[in-house]
Amino acid sequence: MDNQTEHVCIICGQDKEEGICILSQFICEACESEMVHTNTEEVKYRFFIHQMKQISEQVNV
Ligand SMILES: [Zn+2]
């Protein structure tokens, strides 16, 4: 990957400046904080797990 000046969140698909990178994939601050507060919300939790699996598949080259 080259230098990236903008990040597209893999969860919400929006361009965000602030967030975290997991396995070279970007997750925006809003989604990251939502993940933190998602522990008891099983539906959202499963959604995020699904997204994480996609990340793993993309990274696992
Ligand atoms: Zn997001």
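Only the coordinates and a few stated rules stand behind these numbers; no lab work does. Being a predicted model, the structure only gives us computed values, none of them experimental. Don't worry about glycine lacking a Cβ; one is built from the backbone with ideal geometry, like all the others, and counts go over all protein chains shown.
General remarks:
- Full-stretch length increase - Val8, Glu29 - with 0.36 nm per residue and alpha-carbon distance subtracted: 6.4 nm
- Cα gyration tensor shape of segment 7-59, rounded if a/c is under 1.5, else prolate or oblate by comparing a/b with b/c: oblate
- Charge dipole (segment 7-59, unit charges on Cβ, about Cα centre) - positive-most of Phe26, Gln51, Cys9: Gln51
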